[in-house]
Amino acid sequence: MSLPQKRMLERARSLLDRPGAWLDQSGGAYPLRLGGDRRGRVVLTLDEAAFRALVERPGLRRRDGGGWLPRPTPARNTSLSPSLPGRPGLIEGERPVMEADGRLTTRRANLGESPVAWLARRKDASGRPWLTPAEVAAGERLRHEAEIALSGPSLTMRWDALPRSGGGSSARVEPGDRALSASARVEAALSACGPRLRALVERVCIHGTSLQLAEQDLSLRRRQGKTVLKQGLQALADHYGIG
C-alpha cells in the first residue's frame, strides 16, 4: 500500500470514530458518510483494499438500513477518555469483574454516566422526572447485561452476532457461558420491545448513543425519540417484571 493510501486509510479510521459516521456501498466503492442516512455528506470514498483493511481494524458490523459501522473496541488501558459528542457520560476504561469461577479479572466498561441515567435527571414541563424509576431500572439492567455479554473471551464479538431465536451465534470465537447467557438475555429483552422500538432502545441503552443522535440515525422527527424511547423502556420494564 502506497503512502497516500495509508494516509487515506488512517483518515478513514479517524473519521469512523465520529458520531454518525458510517460506510456506504456504491458499486465497487465505499463512500464514508457523516449523517444518519444516505443524504449524509460523503467525506471520503474508499476502494476494496481500504475496505478490507477496515474490516481488520477497527472491524465493521452491519448497520440497520445497510452499510457498516465500526465495531466497538475495548479500552486499551485504565486511563479515562473524555466524553465524545453524541455519547454523554462516556468514559472508557476497565472495571474489576468477578468471574463465575471466582477469579478476579478486569473488563472494559463505561466508567461514566449512562445516557439513561442522564435522562433520568431530566424533568418535564411540570417539573416531574421524565422517566419513571421502573423505566430507568429497566434501561440500566439492559446496559449491564450487554456489558456482561461483551465481556467474554471474544473481544471481537459483534452486537449483530447476538444469538437470534432459532439460530446460533456468528461470533468469531465462542464466548464463555456467562457471556453467552447474557447475550441471550439481551436478545430476549430487545425482542420484547418489538421491531418499532428495538432500534432506539439498542442505540441508547447498549451503544450509549445520545437521544438526539439516535433520532438522527433512525431518521426520526425531533423529539419523536423521547416518545419512542419511553415506550421501549416501558416494554423493557414489563419484560423484566419491574414496577
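Tabulated values for the structure
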quantity	calculated
Theoretical gain in end-to-end length, T227 to W118 [0.36 nm per residue, Cα-Cα removed]	37.6 nm
Karplus-derived HN-Hα couplings along the stretch 37-53 (A = 6.51, B = -1.76, C = 1.60, θ = phi - 60°), whole Hz, x at Gly and Pro	8, 6, 7, x, 5, 7, 9, 7, 10, 10, 8, 4, 4, 5, 4, 5, 5
Gyration tensor verdict on the stretch 14-62 (Cα atoms; rounded if a/c is under 1.5, prolate if a/b is larger than b/c, oblate otherwise)	oblate
Translational D in µm²/s for the stretch 179-243 (Stokes-Einstein at 4 °C, 1.567 mPa s, Kirkwood Rh from C-alpha pairs)	108
Sequence of R39, R221 when ordered by accessible area, the most exposed leading, probe 1.4 angstrom	R39, R221
Of all accessible heavy-atom area on the stretch 1-54, the percent that carbon and sulfur account for (1.4 Å)	50
Where E48, E56, E145 fall by accessible area, highest first, once all protein chains stay in place (1.4 Å)	E56, E48, E145
Under 5 Å, built H, 5+ apart or other chain: amide partners of L44	L32
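The values are calculated or read from the model by the stated rules, or taken from the named source; none is laboratory data. What you are looking at is a predicted structure, and each value in this text was computed from that prediction instead of being measured. Side chains included, ligands, DNA and RNA excluded: accessible areas come from the protein's heavy atoms. Shrake-Rupley method; radii C 1.70, N 1.55, O 1.52, S 1.80 Å.
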